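Here the structure is laid out as structure tokens; the discussion comes afterwards.
The values are calculated or read from the model by the stated rules, or taken from the named source; none is laboratory data. Bear in mind the structure is a predicted one, so any value in this text is a computation, not a measurement. Every residue, glycine among them, receives a Cβ derived from its backbone with ideal geometry; neighbour counts consider all protein chains shown.
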Amino acid sequence: MYTLKVENLSKRFGSRRVFSDLSFELTTGRSLSITGRNGSGKTTLLMLLLGLHHATQGKVSYVCDSEQLPDSAVRAGTALVSPYLNLYDQLTGEENLVFFATLSGINLSGKRIDELLATVGLERRGVDPVGAYSSGMKQRLKYAVALLKDPAYLFLDEPTSNLDIDGKLFVRQLVESRRRNSIVVIATNEEEDYSLTDGLIRLGQ
Amino acid sequence: MDSFGLASKAFAVLAKDLRLEWRTRYALNTILMFGVTTLAVVSFSLGQAGLPVKLLAALYWIVVFFSAMAALAQVFTREEEAGTALALRLSADPNAVYLGKLFFNLILLSTMAAIITPLYFVFTDAPADNILLFVLVLGLGIVALCTATTLVAAIISRAAVRGALFAVLSFPILLLPLILLVSASDSVLLGQSISEILAPLQALIAYIVVMLTASIMLFRFVWKA
């Protein structure tokens, strides 16, 4: 059983307070939407949860069966899909998958690559350079990269941006299926996405 | 993480960077353009007039230093500019990233040296009697330059004025190895044996060990900051 514990989290940029005293706890099978107007700190909060920004105050803990997870286990168990996260344009979709799998210590077979690409609707496009993909296809490939390590913690920032109707449906089905076995945190302004999660935090109020 | 796991992940970072470089040739073109242009300009301006050996040794390391300044930072700035650094930070062990990037810079600078060193001897008429010893000094110099600049490249990668900052931050920490390298190269060009340049070589090896240890200890904080 995995837990994401956030205690009294605050973030300031200079004199500007982004949010303060934020606390919540999520366990496997629970999910959360974070919403708020532009600039309210949704992405900043995700970056804090992922340890990529420093909190002004407070603490984020990744716990498994009451044991604090070390950095390497957090890295292995978390995945992010975000407009700010790009893959390598000069590599093909397959090369990107193999590269990120190797970094995660996963030996990816050709069959598994095909499965992942099929899951995100990129069948037969794995040999093309990512630079030749449309923005929606790049977004789909980010989902394939996120899914390859079967993450215990899945963070989605504007999860349906750049996606067509089929893509949005895929994301909703994905969240629906993942949230049973993972902790899913979504930063979004799409009201439809709120219904996918158990809880909602509104920032900037 | 065991050492095999670290090695395979560092190799994955290296292989990815080599593949990207092969497809774009961005850093290699920059480094070669600078090295060859500088050598050619100096050679034509000198004409038949030869330079003293001391100046020839300094000239060689000036070319290598500025070529390194022109290209070695790209190993991290390219990740930031392309927006791929975030994916790398989330997926890779910081030590694997540092080692992969360090070996990429070593290969890049070695390739540059393999091309400009013969040109240097041809253009400047530098005495090439002791070429194996010169290659030994060059090898240590490349390792010293790359060990120090790879960490600096990571530090400046998210700054606004990266190019200028890279040279400014690198210069103080590269001053000592550059002085040692010019001194050792000068002695080699004058035909001295390895026993006579042992002191600068030992100092260079000590510098490399200190920089490598400090870089491995500090890189994870720089990379995550």
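Here are a few things to note about the model shown:
- Some residue of segment A:81-94 being more than 18 Å from the chain's Cα centre (by Cα), of a type in the set (A, V, I, L, M) and over 28 Å from A:Leu141 (Cβ atoms): no
- Boolean, B:Val63 is part of a helix (DSSP H, G or I) and surrounded by 19 or more Cβ atoms within 10 Å (Cβ to Cβ): yes
- Residue that is surrounded by the most Cβ atoms within 10 Å (Cβ to Cβ), among those in segment B:66-96 that are polar (S, T, N, Q) and more than 14 Å from chain A (Cβ to nearest Cβ): B:Ser67
- Residue-level analysis places B:Ala126 among those that are more than 14 Å from every other protein chain (Cβ to nearest Cβ), among the hydrophobic types (A, V, I, L, M, F, W, C), over 28 Å from A:Ala76 (Cβ atoms) and not in a helix (DSSP H, G or I).
- Residues in segment B:151-180 that are in contact with an Asp or Glu (Cβ under 7 Å, 6 or more places away or on another chain) and either modelled with pLDDT under 80 or part of a helix (DSSP H, G or I) (or both): 1 in all.
- Within segment A:91-126, considering residues that are β-branched (Val, Ile, Thr) and more than 30 Å from B:Arg25 (Cβ to Cβ), the one nearest to the other protein chains (Cβ to nearest Cβ): A:Ile106
- Qualifying residue in segment A:81-92 (condition: surrounded by fewer than 21 Cβ atoms within 10 Å (Cβ to Cβ), closer than 18 Å to A:Leu200 by Cα and out of contact with any Ser or Thr (no Cβ under 6 Å at 6 or more places or on another chain)): no
- Restricting B:Leu99, B:Leu51, B:Leu109, B:Leu59 to residues that are within 14 Å of chain A (Cβ to nearest Cβ) and touching a residue at least 24 places away in the same chain (Cβ under 8 Å) narrows the list to B:Leu99.
- Test: residue in segment B:17-37 that is closer than 25 Å to B:Leu169 by Cα, touching a Phe, Trp or Tyr at 6+ places or on another chain (Cβ under 8 Å), assigned to a helix (DSSP H, G or I) and more than 14 Å from every other protein chain (Cβ to nearest Cβ): yes
Let's see how each residue does on (1) crowded, with 18+ Cβ neighbours inside 10 Å; (2) more than 18 Å from A:Met47 (Cα to Cα):
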position	(1), (2)
A:Lys168	no, yes
A:Val171	yes, yes
A:Arg180	no, yes
A:Leu203	yes, no
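- Here A:Tyr88 meets each of (1) facing another protein chain (nearest Cβ under 9 Å); (2) modelled with pLDDT under 90 with one exception, condition (2).
- Residue match in segment A:89-103 (condition: touching a residue at least 40 places away in the same chain (Cβ under 8 Å) and β-branched (Val, Ile, Thr)): no
- Residue in segment A:39-65 that is surrounded by the fewest Cβ atoms within 10 Å (Cβ to Cβ), counting only those that are without any contact (Cβ under 8 Å) to a residue 40 or more places away in the chain and more than 11 Å from chain B (Cβ to nearest Cβ): A:Thr44
- Comparison of A:Gly167, A:Gly199 shows that the only residue that is out of contact with any helix residue (DSSP H, G or I) (no Cβ under 8 Å at 6 or more places or on another chain) and modelled with pLDDT under 90 is A:Gly199.
- Matching residues, segment A:160-205, being touching a residue at least 40 places away in the same chain (Cβ under 8 Å), farther than 26 Å from A:Tyr62 by Cβ and hydrophobic (A, V, I, L, M, F, W, C): A:Phe170
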